[in-house]
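Peer 1: Encoded as structure tokens, here's the structure I'll be asking about.
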Amino acid sequence: MADAATRKKRGGGRAGNAHRRGGEVIEQMPWRIPVNIDRPTEPLSEEGVAAIHEGAMRILEEIGVEFLNPEALAIFKQAGCKVEGDLVRMDRDFVMEMVGKAPSEFTITPRNPARQIPIGGKHIVFGNVSSPPNYWDMELGRKVPGNREMCQNLLKLTQYFNCIHFAGGYPVEPVDIHASVRHLDVLYDKLTLTDKVMHAYSLGKERVEDVMEMVRIAGGLSHEEFDATPRMYTNINSTSPLKHDYPMMDGWMRLARRGQALVVTPFTLAGAMAPVTMAGAVAQSIAEGLCAIALAQYINPGVACAIGTFTSNVDMKSGAPAFGTPEYMRATQMTGQLARFYGLPMRSSGVCAANVPDGQAMWETSNSLWAAVQSGTNMVYHAAGWLEGGLIASPEKFIMDCELLQQIQRYMEPVITATGPDEIALDAIKEVGNQGHFFGIQHTQDRYTTAFYQPFLSDWKNYEAWEAAGAVWTPERAHHMFKEIIGSFEAPPLDEAIREELAAFVERRKREGGAPTDF
């Protein structure tokens, strides 16, 4: 890694924000890390929190969780847990001791240090849609399998919007690239089209090791520098009910050993993979998450971990997942209380079950995102672009969601609720008195450009003006905006030597066969 210091200087820093055309397409809010200034919504009493905790502990002690990974089983056995075949039962004292080693806050630093994100405390950061196999946009007008160009375009939106803080998994699965080398091409695209925090799928040794090496190369880092602090993260899902599979545990342990950030998110759908009652579903979810965190902390005490929630309900008429429901919102809030009880950062999601970017899509996503705010979530997955319960990614939906994310960011700004003399504005009220209006007075003139949130997508014209302007509906406005952003996009700076090293690594790993598959 010759000339690493030069590479860092040229490849990172605030230049990643400035050297990008397309800023003229919309006037968006600047890059910032939102701070949630509200008190969390807490539907559970202290007794309720204790009851769910007790339920989770009894699940781990009496029922147990299957780990379909021999290495994980051996580690649990070494730690003194009761291992019978694939089933692990663990004492609550062990679980709580291990969980207590996890930090309540940590940072993840990508190749551009100006894009570092804090996880924990009152911070809340938003990520792009991740992992849908299908794509929909207004030009196509139908659902189609994802390809590399679609994935690249969604990555460009990920980089373009300042309210998106990290690049999650593939924003759409590019099924035109063989699965053995897909991770190589997509990570190359992610690391060259964006300078935000990266994610690795824990789906086998080769994929995890390749991603860690590519992130290290992109940052111009030595192995020691990479291992010293989180530079990327993984998210794993348990196989509910009460099971962790082989590849996800393999990746989980590999990243734990190298000090990278770990997020565990049980996918517990009440009525299907978890009890129909939300307290039961949350208790099961907590148990599935805590046992994975305990394993990571036993391997590497103090490694960065977050607990996630994906607890929702199914449609009991069809069995289909439902999102943004009242039950989903309450489960998210309840999980937030448990996360604070354990001193762990929390991840939740911005999700919906709608098939196109319509009213249903937005009210379900809005419910999901506001539940994240209310719960004290620190890391919001799938915050922009998600449709059909995660089976479709849509650029129009991505842009519509970013309007909502910006409104949430504005909602959190302390200036709105400031109560100093200028904000109480007695002089202004006295000046206007009992007649007149506030439009023309100096107090208004000094503040009118920044007093209120200014949308980039919402249309505030009345009906006649909207009709005269072409009667363009919101998804269509978002589609035109998508085309303009992609047409004017320029990737953030990356040192040419690093780009060449990344490309050479990808080509070498392709020649070696990439990751094994059974097809």
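Peer 1: Based only on Cα atoms, what Rg/Rh ratio does segment 46-188 have, Rh being taken as Kirkwood's radius? All intermediate terms of the calculation are to be shown ahead of the outcome.
Peer 2: Values: Rg = 21.2 Å, Rh = 19.3 Å.
Value, to two decimals: 1.10.
Peer 1: Find the accessible area per residue for segment 100-155; the probe is 1.4 Å, ligands and nucleic acids are left out, and the unit is Å².
Peer 2: Numbers: 2100 Å² over 56 residues.
On a per-residue basis, segment 100-155 sits at 38 Å².
Peer 1: Please report, in cubic angstrom per residue, the volume enclosed by the convex hull of the alpha-carbon atoms of segment 161-237.
Peer 2: Numbers: hull volume 8.6 nm³, N = 77.
Expressed per residue, the convex hull around the Cα atoms of segment 161-237 is 111 Å³.
Peer 1: Still on this structure, please answer the following. Any chance you could run the full-extension gain for ALA51 through ARG511? It's 0.36 nm times the residue separation minus the Cα-Cα distance, nm to one decimal.
Peer 2: 160.2 nm
Peer 1: Pull up the DSSP beta bridges for segment 192-339 and report the antiparallel fraction as a percent, rounded to 5. Could the numbers behind the result be given before it?
Peer 2: On the way: 2 of 15 bridges.
About 15 percent, rounded to the nearest 5.
Peer 1: Taking the Cα atoms of the chain, report the difference between the largest and smallest coordinate on each principal axis, in whole Å and largest first.
Peer 2: 80, 58, 47
Peer 1: Evaluate Rg over Rh across segment 245-371, taking Cα atoms for both radii and Kirkwood's formula for Rh. Kindly include the intermediate steps, with their values, before the conclusion.
Peer 2: Working: Rg = 15.5 Å, Rh = 15.3 Å.
Computed over Cα atoms, the ratio is 1.01.
Peer 1: May I pose another question? Considering every Cα-Cα pair within segment 21-103, what fraction, in whole percent, is farther apart than 23 Å?
Peer 2: 51
Peer 1: Taking GluC sites (Glu not before Pro) as exposed when DSSP calls them loop (any state but H, G, I, E, B) and at most 16 other Cβ atoms lie within 10 Å, what is the longest stretch of the chain free of them, the sites themselves excluded?
Peer 2: Here the longest segment lacking exposed loop sites spans 140-489.
Peer 1: Keeping every protein chain in place, order TYR448, TYR342 by accessible area at 1.4 Å, biggest value first, i.e. largest first.
Peer 2: Largest accessible area first, the list is TYR448, TYR342.
Peer 1: Here is a further query. Per 10 Å bin, what is the whole-percent P(r) computed from every C-alpha pair distance within segment 226-272?
Peer 2: 27, 45, 21, 7, 0
Peer 1: Among the DSSP beta bridges whose two residues both lie in the chain, what percent are antiparallel, rounded to the nearest 5?
Peer 2: Working: 16 of 43 bridges.
Around 35 percent of the beta bridges assigned by DSSP in the chain are antiparallel ones.
Peer 1: Relative to the Cα centre, what is the charge dipole magnitude of the chain, using +1 at the beta carbon of each Lys and Arg, -1 at the beta carbon of each Asp and Glu, and rounding to the nearest 20 debye?
Peer 2: The dipole magnitude comes to about 900 debye.
Peer 1: May I ask for the distance between the Cα centers of segment 121-173 and segment 28-56, given as a whole number of Å?
Peer 2: One Cα centre to the other: 27 Å.
Peer 1: Subtracting the Cα-Cα distance from 0.36 nm times the residue separation, let me have the gained length for GLN445 to ASN355 in nm, one decimal.
Peer 2: Gain on stretching GLN445 to ASN355: 28.0 nm.
Peer 1: If you don't mind, there's one more thing I want to ask. Only Cα pairs under 8 Å and at least 6 apart count here; give the relative contact order of segment 330-416 as a rounded whole percent.
Peer 2: For segment 330-416, the relative contact order is 29 percent.
Peer 1: Next question, about the same structure. How much length, in nm to one decimal, is gained on full extension between GLU27 and GLU97, taken as 0.36 nm per residue of separation minus their Cα-Cα distance? Numbers along the way, then the final one.
Peer 2: Details: separation 70, 0.36 × 70 = 25.20 nm, distance 4.85 nm.
Computed gain between GLU27 and GLU97 is 20.4 nm.
Peer 1: Can you send over the carbon and sulfur percentage of the accessible area for the chain, probe radius 1.4 Å, protein chains only?
Peer 2: Of the solvent-accessible surface of the chain, carbon and sulfur hold 54 percent.
Peer 1: Please work out the C-alpha center-to-center distance from segment 175-244 to segment 68-108 and express it in whole Å.
Peer 2: Cα centroid to Cα centroid, the span is 24 Å.
Peer 1: How do ASP358, ASP495, ASP446 rank by accessible surface area computed with a 1.4 Å probe, from largest to smallest? Before the final figure, lay out each step's value.
Peer 2: Working: ASP358 60, ASP495 10, ASP446 100 Å².
Largest to smallest exposure gives the sequence ASP446, ASP358, ASP495.
Peer 1: Probe 1.4 Å, all protein chains in place: accessible area of VAL172 in Å², nearest 10?
Peer 2: 0
Peer 1: With θ set to phi - 60° and the Karplus curve 6.51 cos²θ - 1.76 cosθ + 1.60, what are the ³J(HN,Hα) couplings of segment 26-35 in order, to the nearest whole Hz, using x for Gly and Pro?
Peer 2: Each residue of segment 26-35 in turn: 9, 9, 10, 5, x, 4, 7, 9, x, 10 Hz.
Peer 1: In the neighborhood of PRO301, defined by Cβ-to-Cβ distances under 14 Å, what is the net charge if each Lys or Arg adds +1 and each Asp or Glu adds -1?
Peer 2: +1
Peer 1: In percent, what relative contact order does the chain have, based on Cα pairs under 8 Å that are 6 or more apart in sequence?
Peer 2: Relative contact order comes out at 21 percent.
The values are calculated or read from the model by the stated rules, or taken from the named source; none is laboratory data. Since the structure is predicted, the reported quantities are computational estimates derived from the model, not experimental observations. Virtual Cβ from ideal backbone geometry, glycine too; neighbours counted across all protein chains shown. SASA here: full protein model, heavy atoms, side chains in, ligands and nucleic acids out. Shrake-Rupley method; radii C 1.70, N 1.55, O 1.52, S 1.80 Å.
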